[in-house]
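Student: Structure provided below as structure tokens; questions to follow.
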Amino acid sequence: MTSYRNPHAALQIGQMIQTHLTKSQLSHRELAMRLGVSDTKIVSFVTGRHYFPIEFANPTAEALGIDHGELVYFSLQQYFPRGTVDYIWEAIVTHVFAQQEPSEEELGDKRRDKQKKKKKKAR
């Protein structure tokens, strides 16, 4: 299988990082220290010469006030075609929402609790 790389996505992330660096008034060196890399590595990310590793998404988003989801979404586009990223994103969202829905057992417990409360009020 051929490895997929999207240099345009790397440039988009670089622009996003640079925009937020400017807004936050952090320097390349300060961000580099937070990520544990050299300031020249940050310059390489900003210019799109190096692909932005997904493991840097969370600390970068926190340091610069970037939406975590947006940064992860664009980071994935460096390594996968957009259709694949959309599929991954949809699968994650579906999974998260499914985890938040009450189970049948929890629904049954809630119904029983409501019935008990109604019986107490009727007395």
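The values are calculated or read from the model by the stated rules, or taken from the named source; none is laboratory data. Just so you know, these numbers come straight off a predicted model, no measurement behind them. Glycine also receives a Cβ, built like all others from the backbone with ideal geometry; neighbour counts cover every protein chain displayed. These area figures cover heavy atoms from the full protein model, side chains too; ligands, DNA and RNA do not enter into them. Shrake-Rupley method; radii C 1.70, N 1.55, O 1.52, S 1.80 Å.
Student: Output the residues belonging to the stretch 30-58 that are polar (S, T, N, Q) and open to solvent by 40 Å² or more (accessible area, probe 1.4 Å).
Tutor: The answer is Ser38, Thr40, Thr47, Asn58.
Student: Is at least one residue of the stretch 73-86 touching a His at 6+ places or on another chain (Cβ under 6 Å) and part of a helix (DSSP H, G or I)? Walk me through it before giving the result.
Tutor: Initial filter on the stretch 73-86 (touching a His at 6+ places or on another chain (Cβ under 6 Å)): none.
So far as the stretch 73-86 goes, no, none of its residues is touching a His at 6+ places or on another chain (Cβ under 6 Å) and part of a helix (DSSP H, G or I).
Student: Does the stretch 62-72 hold any residues that are assigned to a helix (DSSP H, G or I), open to solvent by less than 20 Å² (accessible area, probe 1.4 Å) and under 20 Å from Asn6 (Cβ atoms), and which are they?
Tutor: Within the stretch 62-72, Leu71 is the sole residue that qualifies.
Student: Here is a further query. Any residue in the stretch 73-86 that's more than 12 Å from Tyr51 (Cα to Cα): show its pairings with residues that are assigned to a loop (DSSP other than H, G, I, E, B) and open to solvent by 40 Å² or more (accessible area, probe 1.4 Å) at Cβ separation under 8 Å, as long as the two are six or more apart or on different chains.
Tutor: That search, which allows pairs on different chains as well, returns Phe80/Tyr4; Pro81/Tyr4.
Student: Check Ser27 against each of (1) of a type in the set (Ser, Thr, Tyr); (2) within 20 Å of the chain's Cα centre (by Cα); (3) loosely packed, with under 15 Cβ neighbours inside 10 Å and name the one condition it does not meet.
Tutor: The number of the failed condition is (2).
Student: Now for a separate question. Taking the options Val93, Val85, name whichever one is open to solvent by less than 70 Å² (accessible area, probe 1.4 Å), among the β-branched types (Val, Ile, Thr), modelled with pLDDT under 95 and within 13 Å of the chain's Cα centre (by Cα).
Tutor: Matching residue, one of Val93, Val85: Val93.
Student: Let me ask something additional. When you check Ala98 against the structure, is it modelled with pLDDT under 75, open to solvent by 50 Å² or more (accessible area, probe 1.4 Å) and aliphatic (A, V, I, L, M), yes or no?
Tutor: no
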